[in-house]
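The values are calculated or read from the model by the stated rules, or taken from the named source; none is laboratory data. Because the structure is a prediction, the values reported are computed rather than measured. As a convention, Cβ positions derive from the backbone with ideal geometry for all residues, glycine included, and neighbour counts pool all protein chains shown.
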């Protein structure tokens, strides 16, 4: 790629233009601005070398390096565009229309050869959902879901169906990313008491269930979302029901499942009840982050064994975004939340910054892994449209506010090939703003008029949970010789004290209440130890009730989740004796 920094394409009621990325932030003169007010869609090719858009009259394809027009297709009604992974073909979709003279309608999905500009094939695709065919990364395979089967084409030869995967009522599929051999995950909804299931196959081995690489069934699934990791070794499945029969959630019920191409599968245990807002793979394909639970939501990173690695605690968030290099994670609360972003160093699990972008409807990482763009777009929000380019430290480097009589519809970074921007060391110092920032006043709790002149009493609807590292503690083998020696000394002192206490403390008569056990010389420490043991005993009772099948309340489940923290606190107190 010849450009040293990515371009940012901007589409709105005033047309389409290109912005040079950081650090310039000037309009790119190689691309001729299209001022038509009916630009319905645009897209970059996967490597960023090509750019296509439709303006209500034609579909144009240009090279991003020099802006040279490669093809102009007479397609005034096109509403959606997509390039194949290797930029060999362009797919266009327009709304399906019938008339009295033509009740069958015309094919509305076209595939165009980008070398010749000719149409390779036309298909009927009535629904917008799942409109675009799916390719493997090397374009050797292309697939479409048609009438209870997934049809496969090879080598972009669309005149002949090379293979079919036929399953009754198959409603969705997802091709794996990464190198060959290509895998495909298919979803079949349940019916007449039969469970829904997701199966993994390796192309082209589709001879019945026995040939499946993995199979996962679930009774609670009206729809699923399937997310492959970048290497194509595992897929995450979010299974959702439209209605939660227990009545606990307005959003229905959701579960998260892990299915690997080696046949392993697991239910990902999410320790807080509530909806699953977002799940995203780290580009390294070894871990993923889930944002879930009733507000304030939890966010947790899990490894490929579905064990929790780091818990970010609770906060106002509903989305997660890994940087292209996988070294930074942004947790954000957009939509009906106030736009708070938490920027984390993934390797150290240390927070870098905490900026706020109110009214944000769109977020995207720049391919350089250092900058992000946030935007307020119509029709989600028709006021205060505009976009900002940030540094991950929280500094705003560029800001555009669209005039009140205009609208911003979409912004999109130019993609780059993998490895074009290597990972850089993370900077923790504050980077100065290049534009004036707007101070956002914190929201104040509502107070009735009768209480507004009286002192404010602190009250919380919930207890915020702080971040905590979920990695295993350091073992004796990992300790240094000096640390191991000190640990053995502490354990020996503790054992000696416990032995002396057992000799001094007389045994209580069987017909009397036992005496209060004295743990140390400090009554406050004794009190803390006693209280912790009391809580642990209560937790054991709750766990026994849960094991017997009793449905626990939310506050009871939260008590059980505090067991590890209580055990650690008790251990620290006893080691200090």
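Structural remarks
- Whether a residue is surrounded by fewer than 17 Cβ atoms within 10 Å (Cβ to Cβ), touching a strand residue (DSSP E or B) at 6+ places or on another chain (Cβ under 6 Å) and part of a strand (DSSP E or B) was assessed, and residue 364 passes this test.
- Among the residues making up segment 44-79, a single one is surrounded by fewer than 18 Cβ atoms within 10 Å (Cβ to Cβ), in a strand (DSSP E or B) and under 32 Å from the mean Cα position of the chain (by Cα): 63.
- Failed criterion for residue 38 (all others in (1) part of a loop (DSSP other than H, G, I, E, B); (2) surrounded by fewer than 20 Cβ atoms within 10 Å (Cβ to Cβ); (3) touching a strand residue (DSSP E or B) at 6+ places or on another chain (Cβ under 7 Å) hold): (3)
- Of everything in segment 115-129 that is assigned to a loop (DSSP other than H, G, I, E, B) and touching a strand residue (DSSP E or B) at 6+ places or on another chain (Cβ under 6 Å), the residue that is surrounded by the fewest Cβ atoms within 10 Å (Cβ to Cβ) is 117.
- Only one of 544, 558, 553 that is surrounded by 11 or more Cβ atoms within 10 Å (Cβ to Cβ), out of contact with any helix residue (DSSP H, G or I) (no Cβ under 8 Å at 6 or more places or on another chain) and without any contact (Cβ under 8 Å) to a residue 12 or more places away in the chain: 558
- Filter result (farther than 23 Å from residue 171 by Cα and either in a loop (DSSP other than H, G, I, E, B) or at pLDDT below 90 (or both)) within segment 98-114: 98, 99, 100, 101, 102, 103, 104, 105, 106, 114
- Screening segment 257-273 for residues that are closer than 15 Å to residue 220 by Cβ and assigned to a loop (DSSP other than H, G, I, E, B) and picking the one that is farthest from the chain's Cα centre (by Cα) gives 273.
- Test: residue in segment 340-353 that is closer than 19 Å to residue 395 by Cβ, part of a loop (DSSP other than H, G, I, E, B) and more than 16 Å from the chain's Cα centre (by Cα): no
- Every pair of residues 6+ apart whose Cβ atoms lie under 9 Å, when the first sits in segment 416-433 and is under 10 Å from residue 368 (Cα atoms) while the second is surrounded by 14 or more Cβ atoms within 10 Å (Cβ to Cβ) and at pLDDT below 90: 416/1; 416/3; 420/1
- Residue, nearest to residue 208 (Cα to Cα), within segment 160-187, restricted to residues that are within 21 Å of the chain's Cα centre (by Cα) and outside any strand (DSSP E or B): 176
- Count of segment 294-317 residues which are surrounded by 21 or more Cβ atoms within 10 Å (Cβ to Cβ) and assigned to a loop (DSSP other than H, G, I, E, B): 1
- Single match in 164, 169 (criterion: on the phi > 0 side of the Ramachandran plot and surrounded by fewer than 17 Cβ atoms within 10 Å (Cβ to Cβ)): 169
- Out of 394, 369, sole residue that is closer than 14 Å to residue 6 by Cα, in a loop (DSSP other than H, G, I, E, B) and at pLDDT below 95: 369
- Within segment 275-286, the set of residues being surrounded by fewer than 18 Cβ atoms within 10 Å (Cβ to Cβ) and assigned to a loop (DSSP other than H, G, I, E, B) comprises 283, 284, 286.
- Complete set of residues in segment 133-152 that are outside any strand (DSSP E or B) and either more than 20 Å from residue 45 (Cβ to Cβ) or at pLDDT below 90 (or both): 146, 147, 148
- Any hit, segment 230-244, residues being surrounded by fewer than 16 Cβ atoms within 10 Å (Cβ to Cβ) and either at pLDDT 90 or above or over 23 Å from residue 129 (Cβ atoms) (or both): yes
- Selection of segment 188-211 for residues being over 16 Å from residue 148 (Cβ atoms), modelled with pLDDT of 90 or more, over 23 Å from the mean Cα position of the chain (by Cα) and not in a loop (DSSP other than H, G, I, E, B) yields only 202.
- Taking each residue of segment 322-338 that is farther than 19 Å from residue 312 by Cα and looking for partners that are buried (at least 23 other Cβ atoms within 10 Å of the Cβ) with beta-carbon atoms closer than 9 Å, six or more apart or interchain, yields 324/366; 324/367; 335/360.
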